[in-house]
Amino acid sequence: MRRERRFLGMIALAACGVLAAACGSATTNGASAGSNGQVTIGVDLTYNNTAFWAAYINYEQQYAKQKNVKLLGPLLAQANAATQNQQIENLVNEGAQAIIVNPETATSLGPAISYATARHVQLVSVDTIVGVGHVYMVVRASNTLYGQDACAYISGKVKSGYVLDLEGDLTSSNGADRTDAFDQCMAANDPGVKLLKKPTVWTDATAVTDAQNAVNAYGSKLKAIYSQWSPPDTAIVPLLKSKGLGPDSANPVTVVSDDGVPFEMCDIQKGTIGASQSQPANEYAQYALTYAIDAAKGVTLKPGQPGGGGAKLANVTYKGDTNLADPIVAPFVTKSKTTLTVAKPVDGLPKTTTTTPVSDPSLWGNEYGKAHGGVCSSKSS
């Protein structure tokens, strides 16, 4: 657990130091657009202390330069909804023409949306659905599919014993969708397995402790672990090896996680984890910025129009609020290309999914890793 905290601290320092604006304030990064045609976009994120969000910030800065965008921020709310609402008000007051936000929860942005809307500034939500008012666009992959893909992989390998589900924050749409889909899919398609459901609120130390407790309690009867985000892997993989449950043991524990960061690509190559949902940091950054520019320029978009990451723009509804979304397609990565099937899919999803081999150079984790010394390099994490 101490090593995990040090690992996260190193990432946070990298995000603040190597990625120049990662911890900047709105004032430091300038105000409204100048006479050179720049569009001024505010950015407010909940976190930057994981490899995924560090990479997202890096990609966002790259695309901002390409698109002649002046970024205000990113500001960091540190999982505090009140802080995030206030920060968005500050970005509006400092001249943001549109704002990209990774909401603390799907229902935490009400005050910020009202404030921005009254001043003709629209928000683009990245990675999280919104159920508390109107935003210009939601840029997000289906987290329900994340849960079903993890189920399809695990249920194809495990028919008895225990499976540990390290749940995210169940008050967030991402954590709730992944958990509900995984649990429903496992119950319907793998009834011989006993699920161990552990809510972690995205707290890495909690996830690692839960994994330790499960290993100590069930030993070789523990057959798989679904970690709904990637940082816990860095402690879970050596834990399993130390307990004789690694991939080369007689009783290997299958590990599936979500994010698609470089170290997951490395672990899949090595066989220390089985699969990961590649939540596309590059496409999230690219299309969130694209739609923020459209919002600033007053472009009107409608369902059915071509999407950037998804085939078509579509309305999504949460908590009674409906917003337009670009349904980004997130690859499910395994060591080699495989077709996975569940007899009883969740929420109208397809029965089959074809995985993406970890060798695919177009995966963002591989691209980012290559640019930072390789996927197994500490620089890429």
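Which of the residues spanning region 99-121 are of a type in the set (A, V, I, L, M, F, W, C) and assigned to a helix (DSSP H, G or I)? Talk me through it step by step, then tell me what you get.
We begin by selecting, within region 99-121, every residue of a type in the set (A, V, I, L, M, F, W, C); these are 99-101, 106, 109, 112-113, 116, 118, 121.
Within region 99-121, 112, 113, 116, 118 qualify.
Does residue 224 satisfy the condition of being assigned by TED's automatic domain parsing to the domain that holds residue 180, under 23 Å from residue 53 (Cβ atoms) and surrounded by 15 or more Cβ atoms within 10 Å (Cβ to Cβ)? Outline the logic, then answer.
On the way: assigned by TED's automatic domain parsing to the domain that holds residue 180: yes; under 23 Å from residue 53 (Cβ atoms): no; surrounded by 15 or more Cβ atoms within 10 Å (Cβ to Cβ): yes.
No.
Looking at region 241-253, can you tell me whether even one residue there is buried (at least 24 other Cβ atoms within 10 Å of the Cβ), more than 17 Å from the chain's Cα centre (by Cα) and closer than 28 Å to residue 128 by Cβ?
no
Taking region 203-232 as the region of interest, how many residues are in contact with a helix residue (DSSP H, G or I) (Cβ under 9 Å, 6 or more places away or on another chain) and closer than 23 Å to residue 159 by Cβ?
So the count comes out to 9.
Could you count how many residues in region 171-205 are more than 25 Å from residue 216 (Cβ to Cβ) and surrounded by fewer than 18 Cβ atoms within 10 Å (Cβ to Cβ)?
So the count comes out to 5.
Which strands (runs of 3 or more DSSP E) does region 260-342 wholly contain that include 1 or more residues that are surrounded by fewer than 19 Cβ atoms within 10 Å (Cβ to Cβ), at pLDDT below 95 and not charged (D, E, K, R)?
It comes to 314-318.
Looking at 121, 92, 101 in this structure, which one is in contact with a strand residue (DSSP E or B) (Cβ under 6 Å, 6 or more places away or on another chain) and in the same structural domain as residue 324 (by TED's automatic domain parsing)? Full working, then the answer.
Working: 121 fails: in contact with a strand residue (DSSP E or B) (Cβ under 6 Å, 6 or more places away or on another chain); 92 fails: in contact with a strand residue (DSSP E or B) (Cβ under 6 Å, 6 or more places away or on another chain).
So the residue among 121, 92, 101 that is in contact with a strand residue (DSSP E or B) (Cβ under 6 Å, 6 or more places away or on another chain) and in the same structural domain as residue 324 (by TED's automatic domain parsing) is 101.
State whether the residues of region 222-244 include one that is farther than 30 Å from residue 362 by Cβ, at pLDDT 95 or above and part of a loop (DSSP other than H, G, I, E, B).
Looking through region 222-244, at least one residue is farther than 30 Å from residue 362 by Cβ, at pLDDT 95 or above and part of a loop (DSSP other than H, G, I, E, B).
Could you tell me whether any residue of region 86-101 is within 20 Å of residue 296 (Cα to Cα), among the small types (Gly, Ala, Ser), surrounded by 18 or more Cβ atoms within 10 Å (Cβ to Cβ) and more than 18 Å from the chain's Cα centre (by Cα)? Break it down stepwise before answering.
Filtering region 86-101 for residues within 20 Å of residue 296 (Cα to Cα) gives 87-101.
With the extra rule that they be among the small types (Gly, Ala, Ser), the set shrinks to 95-96, 98.
With surrounded by 18 or more Cβ atoms within 10 Å (Cβ to Cβ) added as a condition, the list becomes 96, 98.
Add one more test, that the residue is more than 18 Å from the chain's Cα centre (by Cα), and what stays is 96, 98.
Checking region 86-101: at least one residue is within 20 Å of residue 296 (Cα to Cα), among the small types (Gly, Ala, Ser), surrounded by 18 or more Cβ atoms within 10 Å (Cβ to Cβ) and more than 18 Å from the chain's Cα centre (by Cα).
(1) closer than 30 Å to residue 348 by Cα; (2) more than 15 Å from the chain's Cα centre (by Cα); (3) not in a loop (DSSP other than H, G, I, E, B): which one isn't true of residue 157, the others all being true?
(3)
The values are calculated or read from the model by the stated rules, or taken from the named source; none is laboratory data. Bear in mind that the values here come from a model prediction, so they are computed numbers and not experimental data. Here Cβ is always computed from backbone atoms with ideal geometry, including for glycine, and neighbour counts include all displayed protein chains.
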